[in-house]
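The values are calculated or read from the model by the stated rules, or taken from the named source; none is laboratory data. The shown structure was predicted, so the numbers you read here are calculated from the model rather than taken from an experiment. Every residue, glycine as well, gets a Cβ built from its backbone with ideal geometry; the counts of neighbours run over all protein chains shown. Note: accessible area is taken over every heavy atom of the protein model, side chains too, but ligands, DNA and RNA are not part of it. Shrake-Rupley method; radii C 1.70, N 1.55, O 1.52, S 1.80 Å.
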Amino acid sequence: MKPSPWPDWLDDLLAKSQQYGGETLASHTWDVLCRLADLYRLRPHLADLAGEVRLWHCLYWATFLHDFGKAAAGFQRRLRGGPAWSHRHEVLSLAFVDAIAHDLNELEQCWVVAAIVSHHRDAPEIRELYPVGLRKDPLSDLCAELQPATADLLHRWLGECANPWRIGLGMADVVAEINPQSHPIDARRIRHWLSVYHQWVDTLTAAGTATTARIPGILLRGLITTADHMASAHLQQLPEPIRHSWQAVIPAGRETYSHQVASVGASAQHVLLMAPTGSGKTEAALAWALGDGSNPPARIFYTLPYQASMNAMYDRLCGLFGNNVVGLQHGRAAQALYARFRDGEEWAATTVRKVQWEKNLNLLHARPLKVLSPYQLLKALFQLRGFEAMLTDYARAGFIFDEIHAYEPERLALITGLMRYLRRHVAARFFVMSAT
């Protein structure tokens, strides 16, 4: 549903081509803000990991502005089937930072700029596209793509809708009101904000920079890209965490083992469990993760070393919590999902679409409980594309490492290194178990 007020004067500006739904700029921005609000409700205390700067405040205003550059004439022509556009819309969006910068301190300005300009491309690519020192600054051509009348309409949208929308999304407690001030579109101001961004990135990537200093940047980029991708995939609502109590897996009346009872009592701690096969270690781990249901982890990750055991655990957890709660992620997960989803005709188009959607949900970090290989988690350590969204998804999550004895020493070293990083920097907690 459209919020009120709505900028109907912008209904001819697109954010997506007809091939991808033909969404308007205002509609797409609203959808991204809705997913950002979902992420806030999922992890309301995530800002504690980012220090003193107002994380959600910066993210809201950056998200509102992040696609303003799509109003460029060349970008709009491209969305309507015209020629390719050689510029970056997120860089042009920086032209509107001046409208809100007066109510941000210096570090918050940096955060807003970084969230806007990095939500698609890495800093080296942006630096290469818009280098310093050329006789004619390419930013001048970029600014010429935005008509003054269009810029005025965007400023009107920002001034009339941004503050009411933050209230409608339930984020007024963490997003302060800003009264935007209109400014002309100026290549020199974009260059200034790009300089701020590159200096910040250079500081963070310099040798000797503490890991804790990088966490805010990881959270900023991880959250805005996750919200953007969820909106682009038309995910209507982010699933809630599992709010069952431990009794969902150890019902009253069933005989319990002492280690299961102890696991429930240690739900706020890290646990190492060694117990024989058949002694209810899985129930103990799930009971640890769920606790009494009053303060569930944002996400639960259940890792196993073998694809066959992952598939079996996926089936078991789907039986407990439902197919819409549990995700499966490993190298042949699609094949395993085909085998479970096909109904009637073996390769029916509906089954193909369902499997693809399930894969998308895993990539979008949408499932509250995911069964996967620890090697999927390790991708974040090697900073593969999208690692910021992965690490953000791991924040304040509960991790269950089953059959920990099955890994070779070198791989186990990587896994324990990942555990140490996630414990220190994103407040994750762990339940590690083995039958040997």
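At a glance:
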quantity	calculated
The chain: relative contact order in percent, alpha carbon pairs under 8 Å with at least 6 residues between	17
³J(HN,Hα), Karplus 6.51/-1.76/1.60, whole Hz, each residue of segment 375-380, x for Gly, Pro	5, 5, 5, 5, 4, 5
Local electrostatic count at Lys16 - Lys and Arg +1, Asp and Glu -1, tallied over other residues with Cβ under 12 Å	-1
Amide H partners (placed H, <5 Å) of Thr24, local residues excluded	Ala15
Whether segment 1-156 is rounded, prolate or oblate, judged on the alpha carbon gyration tensor where a/c under 1.5 counts as rounded	oblate
Protein accessible area in segment 131-198, 1.4 Å probe - carbon and sulfur %	51
Choice from Asp402, Asp67, Asp202 showing the highest fluctuation, given a GNM over the chain with Cα pairs closer than 10 Å	Asp202
Total formal charge among the other residues, if their Cβ is under 10 angstrom from that of Thr303, Lys/Arg +1 and Asp/Glu -1	-1
Protection proxy ranking, peptides 296-303, 253-260, average beta carbon neighbours within 10 Å, highest first	296-303, 253-260
Helix-only CD estimate at 222 nm, as mean residue ellipticity for the chain, using -39500 (n - 2.57) per DSSP H run (n ≥ 4)	-15500 deg cm²/dmol
Phi to ³J(HN,Hα) by Karplus 6.51 cos²θ - 1.76 cosθ + 1.60 over segment 197-206, Hz, x for Gly, Pro	5, 5, 5, 5, 4, 4, 5, 5, 9, 5
Anisotropy class of segment 132-218 from Cα gyration tensor, a/c 1.5 cut	oblate
Packing-based ranking, highest mean first, of 30-39, 278-287 given that Cβ atoms within 10 Å are counted	30-39, 278-287
Ordering of 369-379, 206-216 by packing [mean C-beta count within 10 Å, highest first]	369-379, 206-216
Whole-Hz couplings from phi, Karplus 6.51/-1.76/1.60, listed for segment 160-177; x for Gly and Pro	9, 10, 4, 5, x, 5, 5, 6, x, 7, x, 10, 4, 5, 10, 10, 6, 6
Pairwise centroid distance, computed over Cα atoms, of segment 202-270 with segment 17-81, Å	22
Histogram of C-alpha separations across segment 232-297, 5 Å bin width, %	4, 17, 26, 20, 13, 7, 6, 5, 3, 1
Top positive-direction residue, dipole computed over the chain with Cβ charges, set Leu286, Thr63, Pro7	Leu286
For segment 107-184 and segment 377-433, distance of Cα centres in Å	35
Long-range amide H partners of Val371 with built H, under 5 Å	Tyr302, Gly327, Leu328, Gln329
Filtered GluC sites (Glu not before Pro), segment 145-182: DSSP coil and at most 12 other beta carbons within 10 Å	Glu177
Listed residues Met419, Met390, Met274, most fluctuating in the chain (Gaussian network, C-alpha, under 10 Å)	Met274
GNM flexibility winner over the chain from Phe401, Phe321, Phe64 (Cα, springs under 10 Å)	Phe321
Equivalent ellipsoid semi-axes, segment 173-319, via Cα gyration tensor eigenvalues times 5, rooted, Å	45, 20, 16
